[in-house]
Amino acid sequence: MKKWGVLFIISFLIINNSFGKKYNQFYFKIEGTINADTGTVYLNFFTEYIPNKAKELKAKVKNNKFTFSGYIPEPQGVNILYDDRYMSSNFIIQKGLQTISINIDSTRKIPDVKNMIMINEYPNYTSFFEQIHNKWRFYYQKDDSLRIIYNNKMPEEIKINQTKEYDDLCNFENSSLLTYVKKRPNSNIAFWRTIYLMSWGYEPIFDTIYNIFTEKLKNGYAGKALNKKLKNGKQLSVGKQFPTIQCVNTINERFNSDIFYKSKFTLVDFWYSKCGPCRAQFNSLKNLYKKYSNKGFEIVGISIDKDTDKKEWENIIINEKLIWQQYWDINGKDAHSLSIFVFPTNFLIDSSGKIMYKNISMEELEELLNKSL
């Protein structure tokens, strides 16, 4: 579910960007080793946080070695892929020469990276976040065990407890990141961690974290891009009026927010046809709709399917018997402009059009509807 976008070949020194300013580009080179004889290694950037909009940056493995080089405007958060066998966790590259050693048997871990940022800061960073890393590790081990015990059909009470524990861990990680940034406002690692967390959706605490970073970080290309996304994401904060979405239904009628005023609760569900987790929740949504739609509960589905997938979107609505209102945000234009990058994402709206909850679980939603309707 991580949002790592298109890869880059960076081939020029100065480039104009969407903020109307020129950013100096600095040469970088990566000399890498890997415990593989052949294959291709890919260097992934956060595509919306770097001004270079070219093709993928890749390198062939030869004699257990590979090399990347190009230009970047500032230290960058990246990860590395090796064919379909390995993906690293995120790390930082910077200008100049640096080395990377990859063990393809240690997927989703940070490789051995030798540059000044990773050498000087990463040990302190990992030490500070050791507690939260252990908590996440324990959570996933517990979750895996419960899924095995209940054959992926956990009782509702256990699902609710797991969801609450997950949300609590997210909040704890965010508050820990805030504490870390207060001590190290010039941290490139914390800065790119904030960008990564933002890719899962906006949280108000990210504004507080962003404001603490140094002016150098905030005024860089990535800093300005992050600021823009924070402003967009803030429109979907709890308590805000749900914004107008430029989407249409299957007969080309535009979405009208008046629908919110007709029901006590409306769930706005963002999804798309090729999203497995999105479709997995349809049965739960159908059950809730059948039980509560005549008591003041409504659902509005908004698909972000590509223009080439319109027929598939329409077929799913028919085949899955999705009888609530369905709209199409073509190519996800509005969803992405509101910093919605992970799917499914939902918002529970009250009868005045204000956002009550973001990403409420099906179990929590049923509990609320059962008490309130």
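The values are calculated or read from the model by the stated rules, or taken from the named source; none is laboratory data. Just so it is clear, the structure is predicted and the values come from calculations on it, not from any experiment. Backbone-built Cβ (ideal geometry, glycine too); neighbour counts: all protein chains shown.
Is it the case that some residue within region 195-205 is touching a Lys or Arg at 6+ places or on another chain (Cβ under 7 Å), touching a residue at least 60 places away in the same chain (Cβ under 8 Å) and among the β-branched types (Val, Ile, Thr)? There is no residue in region 195-205 that is touching a Lys or Arg at 6+ places or on another chain (Cβ under 7 Å), touching a residue at least 60 places away in the same chain (Cβ under 8 Å) and among the β-branched types (Val, Ile, Thr). The set of residues from region 142-179 being under 19 Å from the mean Cα position of the chain (by Cα), surrounded by fewer than 15 Cβ atoms within 10 Å (Cβ to Cβ) and among the acidic types (Asp, Glu) comprises 167, 168. Of all the residues in region 98-153, those that are in a loop (DSSP other than H, G, I, E, B) and of a type in the set (Phe, Trp, Tyr) number 2. For region 283-299, the set of residues classified as in contact with a strand residue (DSSP E or B) (Cβ under 9 Å, 6 or more places away or on another chain) and not aliphatic (A, V, I, L, M) consists of 289, 291, 292, 293, 296, 297, 298, listed by residue number. The single residue among 303, 339, 352 that is at pLDDT 95 or above, polar (S, T, N, Q), closer than 24 Å to residue 234 by Cα and buried (at least 19 other Cβ atoms within 10 Å of the Cβ) turns out to be 303.
Selection of region 216-250 for residues being surrounded by fewer than 18 Cβ atoms within 10 Å (Cβ to Cβ), more than 18 Å from residue 174 (Cβ to Cβ) and of a type in the set (Val, Ile, Thr) yields 244, 248, 250. Residue check: is residue 327 within 26 Å of residue 164 (Cβ to Cβ) and either in contact with a Pro (Cβ under 6 Å, 6 or more places away or on another chain) or in contact (Cβ under 8 Å) with a residue 40 or more places away in the chain (or both)? In short, no. Condition first: among the basic types (Lys, Arg) and either in contact with an Asp or Glu (Cβ under 7 Å, 6 or more places away or on another chain) or modelled with pLDDT under 50 (or both). Can you find one or more residues in region 3-11 that meet it? Yes, there is a match, as at least one residue in region 3-11 is among the basic types (Lys, Arg) and either in contact with an Asp or Glu (Cβ under 7 Å, 6 or more places away or on another chain) or modelled with pLDDT under 50 (or both). Looking only at residues in region 82-105 that are under 23 Å from the mean Cα position of the chain (by Cα) and polar (S, T, N, Q), the one that is surrounded by the most Cβ atoms within 10 Å (Cβ to Cβ) is 88. What do you reckon, is residue 359 surrounded by fewer than 19 Cβ atoms within 10 Å (Cβ to Cβ), touching a strand residue (DSSP E or B) at 6+ places or on another chain (Cβ under 7 Å), touching a residue at least 40 places away in the same chain (Cβ under 8 Å) and not assigned by TED's automatic domain parsing to the domain that holds residue 197? The answer is yes for residue 359.
Quick grid of which residues meet (1) in contact (Cβ under 8 Å) with a residue 40 or more places away in the chain; (2) among the charged types (D, E, K, R); (3) not assigned by TED's automatic domain parsing to the domain that holds residue 183:
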{"position": "83", "(1), (2), (3)": "yes, yes, yes"}
{"position": "87", "(1), (2), (3)": "no, no, yes"}
{"position": "104", "(1), (2), (3)": "yes, no, yes"}
{"position": "160", "(1), (2), (3)": "yes, no, no"}
{"position": "167", "(1), (2), (3)": "no, yes, no"}
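Just one residue in the set 213, 265 is assigned by TED's automatic domain parsing to the domain that holds residue 347 and surrounded by 15 or more Cβ atoms within 10 Å (Cβ to Cβ); that residue is 265.
Scanning region 110-123 turns up one or more residues that are surrounded by 12 or more Cβ atoms within 10 Å (Cβ to Cβ) and within 21 Å of the chain's Cα centre (by Cα).
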